[in-house]
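Some notes on the structure that comes next.
Every number here is computed from the coordinates shown, using simple stated rules; none is lab data. Small disclaimer: the values here were computed from a predicted structure and weren't measured. Cβ sites come from the backbone with ideal geometry, for glycine too, and all protein chains shown count toward neighbours.
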Amino acid sequence: MYDWLNALPKAELHLHLEGSLEPELLFALAERNRIALPWNDVEALRAAYAFNNLQEFLDLYYRGADVLRTEQDFYDLTWAYLLKCKAQNVVHTEPFFDPQTHTDRGIPFEVVLRGIKQALVDGEKQLGISHGLILAFLRHLPEEQAFQTLEQAMPFRDAFIGVGLDSSEKGFPPRLFERVFAKARSEGLHAVAHAGEEGPPEYIWEALDLLKIERIDHGVRASEDERLMQRIIDEQIPLTVCPLSNTKLCVFEHMGQHNILDMLERGVKVTVNSDDPAYFGGYVTENFAALHEGLGMSEDQAKRLAQNSLDARLV
Ligand SMILES: Nc1ncnc2[nH]cnc12
Ligand SMILES: [Zn+2]
């Protein structure tokens, strides 16, 4: 089944480039940039990948991102991810990057963007993988800083297709970012947001009604609100679901409890994605395989999930 799932043509619509930083590359970049790490080796770092919730993961994820310093580092990170895409027949990807994670450490915005974008362009030419890059605002920081990030990004407007919202969800509702999303949309940018990963269904309503997003990242808690479920079915609003992420971060205790196939059968436009594959135990194919093993996903269901990902592209 793994090889069959691997060969399915698919799009990945929920992937944080910083979350694709494998421990081996993390160590190599630390050495290249002469950065001391608190872990002795790759195994010790991997052993630290045990999380009880989103925040525990994010603390390590931001720590790991500190080894990314130069344009070449961002290129290498992105290129390594694209090679995985090629190996798993991901024909189109719409990855996120978190500029504030880097600009707050003194890395210029253009260093981050140039490295990522050059790899994506080369991936298009050399690997045949199309892309649309999404700039994500960190929701644990004030909206004012999101505005500054958008302003820094506008000279490079053509390099990305939209904006997203990520980082710590609980306590940081979408309504806090209504104005910056309005500004981004007025510039013709697409809009997506993480909502209903750990946060309540109310955050999904806000993301739809106030941020006017076109796609919900995660959204698994929508199933707690029947009226919301009806809306996302009626309007065919895509959900970018990340099964391994959800079990690693204890959103569901184990894969057998995951609601993605129930949603699929109810007519929700759900897709399968890897979120932060270096931290959660696998890329897109591993996520599909986990659904087969944990939930008994059939070949027909896998085909519909893969088709949904191609249909839910923003570009
Ligand atoms: N799963 C996730 N949720 C929120 N923010 C993130 N940043 C990287 N991965 C994330
Ligand atoms: Zn995510």
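Were the residues from ASP262 through CYS250 laid out at 0.36 nm apart, the gain over their Cα-Cα distance would be 2.4 nm.
Exactly which GluC sites (Glu not before Pro) in the range 236-315 are in a DSSP loop and have at most 14 other Cβ atoms within 10 Å? Taking the range 236-315 and a limit of 14 other Cβ atoms within 10 Å, the loop GluC sites (Glu not before Pro) found are GLU253. When a/c reaches 1.5 or more, the comparison of a/b and b/c decides; with that in mind, is the range 1-311 rounded, prolate or oblate per its Cα gyration tensor? Rounded. Shown for the range 1-311: lysine pairs separated by 8 or more places, or found on different chains, whose C-alpha atoms are under 26 Å apart, numbering 29. Take each peptide in 100-108, 228-236, 243-251, count the other Cβ atoms within 10 Å of every residue, and average; sorted highest first, the result is 243-251, 100-108, 228-236. The range 239-299 and the range 75-123 have Cα centres spaced 23 Å apart. FRET efficiency for the LEU127 to LEU314 pair, using the beta carbon distance and R₀ = 25 Å, is estimated at 0.80. Averaged over residues, the count of other Cβ atoms within 10 Å places the peptides 221-227, 33-39, 157-163 in the sequence 157-163, 221-227, 33-39, highest first.
Summing charges over all other residues whose Cβ lies under 13 Å from the Cβ of LEU13, with Lys and Arg as +1 and Asp and Glu as -1, gives -2.
For ARG231, what charge total do you get from the other residues with a beta carbon under 11 Å from its beta carbon, if Lys and Arg give +1 and Asp and Glu give -1? Value of the local net charge: -4. By the beta-carbon count within 10 Å of each Cβ, the least crowded to most crowded order of VAL284, VAL67, fewest first, is VAL67, VAL284. Estimate the FRET efficiency between GLU187 and ASN52 by the formula 1/(1 + (r/R0)^6), using the beta-carbon distance for r and 45 Å for R0, to the nearest 0.05. It comes to 0.70. Cβ crowding within 10 Å ranks ILE213, ILE129 as ILE129, ILE213, fewest other Cβ atoms first. Site pair ARG227 and LYS86 shows an inter-label distance of 5.0 nm when each label is modelled 7 Å from Cα along Cα→Cβ.
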